[in-house]
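Have a look at the structure below before the remarks.
Read the figures in this text as sums done on the coordinates, not as results from a lab. Keep in mind it's a predicted model, so treat the numbers as computed, not measured. Positions of Cβ are backbone-derived with ideal geometry, glycine not excepted, and every protein chain shown enters the neighbour counts.
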Amino acid sequence: MNILNTIIAAKRIEVEERKKTTPLNALEKKAFFQRTPLSLASFLKNPDKTGIIAEFKRKSPSKGNINSNADVTQVTGAYARFGASAISVLTDEQFFGGSAQDLEAARQLDIPLLRKDFMIDSYQVYEAKAMGADIILLIAACLKPTEVYELSKLAKELGLSVLLELHDEEELKHVGEFTPIVGINNRNLKTFEVNIEKSLEMASKLPPNCLKVAESGIDKVEMIQLFKKNGFDGFLIGEQFMKASNPAKSFEQFINELNNNA
């Protein structure tokens, strides 16, 4: 069993337990559930922003501990201050050291927040809105096209944006009516190998009206410039900043370099 299958098996158990603890009607009564979510597309298209979806992540299965002591409010505040278009917050605890509390702490910011987790059940979409998220991530590698359709349709009904993540050409069939923003993961989720050339080739096969987001393995300004030349609108970056002793400063320096090379 590869790591993705291991995570999904654990997630199914976790979600069933949470349904028992906090039923759907309790989620709908939470304060954040009543707010109007921000549009990821609008922020990605905003010329005053960088296009970067900056990620807050404490650890990962492939890298182990990345920055277990990072302060979510300090880091995400810097992301917003220096021009991120959106912020991705890990909410998976077992494998990534995240939590709903991390996302709720970042909700003070006026910027779209992505709930970065392994979404397999409609309950998690309601959860995402209840914790203050504006965007959910749907990973094609762990969902059938029909499941992507149903979850993305529900997200739209709740006012949430969807980032559909692909990492293999066979997953292009997951792109549909309710997934106009498509992320291409440069890192294979089953082997964790990074292949940018494959990502660029896949992007050329997406529908022309899709907003394209490059994900994972981006650690140089030159890579963002390359992706922009190939029609990408967004760039999800996490580890590059989080592995620094001061992620906020690392992000600021990266943005300064990006602006100086524009």
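Using R0 = 25 Å, the C-beta based FRET efficiency linking Thr146 and Glu169 works out to 0.80. Placing unit charges on the Cβ atoms only, positive for Lys and Arg and negative for Asp and Glu, gives the chain a dipole magnitude near 300 debye about its Cα centre. Its relative contact order, with pairs defined as Cα atoms under 8 Å and 6+ residues apart, puts the range 124-262 at 16 percent. For the range 149-262, the residue among Ile237, Ile196, Ala262 whose Cα projects farthest onto the positive side of the dipole built from Cβ charges is Ala262.
Here each label is just a point 7 Å from Cα along the line to Cβ, and for Lys229 and Ala262 those points are 2.0 nm apart.
Among the lysines, select those whose C-alpha is under 16 Å from the C-alpha of Lys45, and discard any that sit fewer than 8 residues away in the same chain. Qualifying lysines at Cα under 16 Å: Lys212, Lys228, Lys229. Determine the relative contact order of the range 3-260: mean sequence separation of Cα pairs under 8 Å and six or more apart, normalised by residue count, in whole percent. Normalised by residue count, the contact order of the range 3-260 is 20 percent.
For the range 195-208, backbone phi angles converted through the Karplus equation (6.51, -1.76, 1.60; θ = phi - 60°) give residue-by-residue couplings of 9, 6, 4, 5, 5, 5, 5, 4, 4, 5, 9, 6, x, x Hz, Gly and Pro being listed as x. With the simple model of a label 7 Å out from the Cα in the direction of the Cβ, Asn65 to Ala9 spans 2.7 nm.
Centroid-to-centroid, using Cα positions, the range 1-53 and the range 208-262 are 23 Å apart. As a calculated quantity, the FRET efficiency between Thr36 and Thr73 at R0 = 30 Å, using C-beta atoms, amounts to about 0.85. In the chain, the DSSP-assigned H stretches of four residues or longer account for a calculated mean residue ellipticity at 222 nm of -11500 deg cm²/dmol, using -39500 (n - 2.57) per stretch and the full residue count as denominator. Close amide H contacts of Ile139 (hydrogens built in the peptide plane, cut-off under 5 Å, sequence separation of 5 or more or a different chain): Met119, Glu165.
Please report the antiparallel percentage of the DSSP beta bridges confined to the range 3-260, to the nearest 5. The answer is about 10 percent antiparallel. The length gained by stretching the chain between Glu197 and Lys20 to full extension, at 0.36 nm per residue less their Cα-Cα distance, is 59.3 nm. Karplus-derived 3J(HN,Hα) values for the range 6-15, using 6.51 cos²θ - 1.76 cosθ + 1.60 with θ = phi - 60°, are 4, 4, 5, 4, 5, 5, 4, 5, 4, 5 Hz; glycine and proline are entered as x. In straight Cα distance, which aspartates and glutamates are under 13 Å from Lys57, not counting same-chain residues fewer than 8 positions off? List returned: Asp71, Asp92, Glu93, Asp102, Asp117, Glu239. Per-residue 3J(HN,Hα) values for the range 225-232, derived from phi via the Karplus relation 6.51 cos²θ - 1.76 cosθ + 1.60 with θ = phi - 60°, read 4, 5, 5, 4, 5, 9, x, 7 Hz in sequence order (x marks Gly and Pro).
Inverting the pair-averaged 1/r between distinct Cα atoms of the range 3-260 gives 18.2 Å as its Kirkwood hydrodynamic radius. Give me the distance between the Cα centres of the range 119-180 and the range 71-113, rounded to whole Å. When both Cα centres are located, 19 Å separates them.
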